[in-house]
1. Identify the single condition in (1) under 25 Å from the mean Cα position of the chain (by Cα); (2) within 27 Å of residue A:103 (Cβ to Cβ); (3) not in a loop (DSSP other than H, G, I, E, B) that residue B:52 does not satisfy, given that it satisfies every other one.
2. Contact list please: Cβ distance under 9 Å, first residue in the stretch B:149-177 and more than 24 Å from residue B:80 (Cβ to Cβ) and within 13 Å of another protein chain (Cβ to nearest Cβ), second residue acidic (Asp, Glu) and in a helix (DSSP H, G or I), pairs at least six apart or on different chains.
3. For the stretch B:135-148, what are the residues that are β-branched (Val, Ile, Thr) and within 14 Å of chain A (Cβ to nearest Cβ)?
4. Tell me the residue from A:144, A:125 that is within 30 Å of residue B:60 (Cβ to Cβ) and more than 14 Å from chain B (Cβ to nearest Cβ), please.
5. Within the stretch B:107-126, is even one residue within 17 Å of residue B:360 (Cα to Cα), aliphatic (A, V, I, L, M) and either within 13 Å of chain A (Cβ to nearest Cβ) or in contact with a strand residue (DSSP E or B) (Cβ under 8 Å, 6 or more places away or on another chain) (or both)?
6. In the stretch B:92-141, which residues are part of a helix (DSSP H, G or I), out of contact with any Gly (no Cβ under 8 Å at 6 or more places or on another chain) and either touching a residue at least 40 places away in the same chain (Cβ under 8 Å) or not aromatic (Phe, Trp, Tyr) (or both)?
7. Go through the stretch A:70-89 and give me each residue that's within 11 Å of chain B (Cβ to nearest Cβ) and either more than 13 Å from the chain's Cα centre (by Cα) or in contact (Cβ under 8 Å) with a residue 60 or more places away in the chain (or both).
8. Could you please let me know if residue B:337 is in contact (Cβ under 8 Å) with a residue 40 or more places away in the chain, closer than 21 Å to residue B:364 by Cα and either within 14 Å of chain A (Cβ to nearest Cβ) or within 21 Å of the chain's Cα centre (by Cα) (or both)?
Amino acid sequence: MGSVSEKRREEVISGSKKILRGKPVISGYASGKLVVSREPLSFWGGYDSDTGEIIDRHHHLSGEVVKGCILAVPGTKGSSTTTAVLLEALQKGNAPLAIITSDVDSFLALALVVSEEMYSTSIPLVALGSEVFAELPSEGEVTLKPDGRIIVYPF
Amino acid sequence: MTLKLTELDSSNLAGESGPAVQMAMSILIRMSEIQSAKSLISIVSAHIDSALYIGPATLDYAERLVDLGAKVCVPTTLNVAGVDHNGWDRWAVPPEWARQARRQMLAYKSMGCEPTWTCAPYQTEERPGFGDQIAWGESSAVVFANSVLGARSERYPDLLDICAAITGRVPATGLHLVENRSGQVLVRLKSIKSNLLDSDEFYPVLGHYIGKIAGSRVVVVDAQGGNPSEDQLKALGAAMASSGSVALFHWVGVTPEAETIQDAFNGKNPEKIIDVSLSDLVRARNDLSSSTSDRLDMVVLGSPHFSLNELRSLGPLIEGKRRHPGVRFLVTTGRGVKLLAEEMDLLVPLMKFGAEITVDTCILTTPMLPSGIRSIMTNSAKYAYYTPGILDREVVFGSTQACVESAVSGKVVKDDRLWVV
């Protein structure tokens, strides 16, 4: 599934700004604070759709509120209810502004496809591939472009 | 790469079989493109996790499909739901929540799904055959169907499983294709003693440990001598599908696609080899407990839902005993298994012990626990994994026997004898 070719990667260092290229799974524009998870996450039992908090007590981001942020996570794991939880979070306005993954994650993509189908609204989802994903800084501001480019402004 | 559709797929997408089929097909095709599938394939059955009430959006989705006239076109079972219809009011489920959950359950029933309401449909109702193409939701059921039965399913997320059942079609991708079913990670148990391999408590702990390392890769376990039972394989898979996303494992000499280690890897080399040590497992076992206190309010067994055999084996452990009045003792199972157990008088010792039984749901999928229950003990890695996050309760993992002894004494009694390094 969708491993993103290294050749798509383009890195432009101009000052502290860095541009990463990914595959736009769900195309769109978003800009905001970056929160990076280095481990996969099950949204069921891991994401509170009422608050946007990471609630998996085994996860290193446990307690962090990522509502309104741009969440980077290698992918999902565990429960097949992850999709439903993200759909609820989107509907309640408690989802991240956008999600960046390593490989294409079909559980997350599905929630966004259904949200478009049902409510004509969604958030962008970009897959970077594992090598480019590893280049994301632990924190910073990012802007996602509809063509899959991610502009990173480290703090 | 473009997706090739049959004439029927195309006419379904164009709405010629009605708006429900059109909506389901449209979602399936978007997902096929995202997954880079080249075509769709037909399935012989489905198991639906989508009936679980998560909130207004999942209910809205179900009722939209019903309004459009959705009907499933293959035999379709239903996973755990939001309430135990015959007993939710004995627990702390808010009536309004129960009402919404019931609405969602009825929506899926009205689409022609069988009201099995269990996460372990393979224990009674639905047992796919070797090589069958199926679309199953519920991570613990998917890993069982793929690994133990040799059926072929991807991990179907909620919302997509029902699209597959309505159209009878799925993207030709992942574990549906035989070339993706070869082993990737080799797990060797050379240094694990046979008394541990023979114990039920070993399998959830091993699964919890492997899932974290394997992620979503295909796992091959080479135990050289171990001969796990179906219930033990069920516990192993559910644990790997909680700490990780394992959807297929092969146990050499036991599961149907792994008569030999060469079969399991299909001539390929492992990407990774894990030699499991006892101290790795002791750490994994400790990780399944969030509490070191001996406070105990409740024991809960049955994730995945208890089988007939598990109910039968519980009998001798609780015979002549009674739970402490301060500790509730709950077994979660499917209504099909409960019916059979009643017929076989297997529930009599449970009633004498003071146990309660919940069907159709579980502690993770319905807000049933009263606020006074703060500390839970379980023999299930899946319950143990999710309890701190979903229920905001403390949890202690232990063997079935330790769970029973704890329930009798009123406080957590640990038994670490098997786990001394």
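Taken together, the values in this text are just the output of simple stated rules run on the coordinates, not laboratory data. Since we're looking at a predicted model, the values are computed, not measured. Cβ placement follows ideal geometry from the backbone for every residue including glycine, while neighbour counts extend to all protein chains displayed.
1. (3)
2. B:171/B:33
3. B:142, B:143
4. It is A:144.
5. Within the stretch B:107-126, one or more residues are within 17 Å of residue B:360 (Cα to Cα), aliphatic (A, V, I, L, M) and either within 13 Å of chain A (Cβ to nearest Cβ) or in contact with a strand residue (DSSP E or B) (Cβ under 8 Å, 6 or more places away or on another chain) (or both).
6. Within the stretch B:92-141, B:95, B:96, B:99, B:103, B:106, B:107, B:108, B:109, B:110, B:141 meet the criteria.
7. A:77, A:78, A:79, A:80, A:81, A:82, A:83, A:84, A:85, A:87, A:88, A:89
8. When the stated conditions are applied, residue B:337 passes them.
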